[in-house]
1. When the solvent-accessible surface of protein heavy atoms is calculated with a 1.4 angstrom probe, in what order do K41, K59 fall, highest first?
2. Top to bottom by accessible area (1.4 Å), largest first, where do D148, D72, D137 land?
3. According to the Cα gyration tensor, what semi-axes, each the square root of 5 times an eigenvalue, does the equivalent ellipsoid of region 124-166 have, listed from largest to smallest in whole Å?
4. Kindly report, to the nearest 10 Å², the accessible surface of I84 as traced by a 1.4 Å probe over protein heavy atoms only.
Amino acid sequence: MTELSDDTRQLRPGLWETINERYPGSMITKSDFVPLARLSKPLSRTRLTFVSSAGIQPKGTMPFDVVHPVGDFSFRRVRSASTISELGDPPNQVPDHGRAQGFERDLSIERLQEMTKEGVIGELTPNLFSFIGYQMDPPTFERTLAEDIANAVVAEGAEAALLCPA
């Protein structure tokens with residue numbers, strides 16, 4: 001349900017250089033950019049999913065591995081009908097980087113549900129997706145976790161995805 005944009009610029013030019021400056025060990029190189037896509041129909045008629053690096057997960061599920069030196073290459077499905085009280089606390093992802101609270105504070109699941117009820121969003125996929133953003137092995141992240149999430153998003157029938165870094 002999306003079409004490629006005529007504008008092939010990236011959303012944030014110089015992103016990989018900035019990451020490499022801040023995290024010298026990562027040494028990310030990226031030369032194959034995916035063009036930005038535009039919706040082919042209004043958001044009010046679109047099935048949306050949400051993908052967050054905040055590490056949000058339903059209470060009672062296996063916690064993310066936040067002590068592994070290269071990160072945790074798994075993700076959690078979060079029912080889109082969940083309430084904040086059904087979700088566990090996000091993990092401390094990186095020492096001294098604070099807690100990833102963007103999911104609850106900035107764009108919570110409740111806001112997505114409200115926008116759906118108000119008709120701003122056509123509908124939400126049955127599940128939303130979250131993983132921990134601390135990933136120090138970008139090639140493995142791209143080959144495994146990113147691909148796994150992309151496959152799950154497609155399986156949910158999403159026509160658009162809202163990506164929200166923590």
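The values are calculated or read from the model by the stated rules, or taken from the named source; none is laboratory data. None of the values given here were measured: they were computed from a predicted structure. Surface accessibility is based on the protein's heavy atoms, side chains included, excluding ligands, DNA and RNA. Shrake-Rupley method; radii C 1.70, N 1.55, O 1.52, S 1.80 Å.
1. Putting K41, K59 in descending order of accessible area: K59, K41.
2. Values: D148 75, D72 20, D137 45 Å².
Most to least solvent-accessible, the answer reads D148, D137, D72.
3. Working through the eigenvalues yields semi-axes of 20, 12, 7 Å.
4. 50
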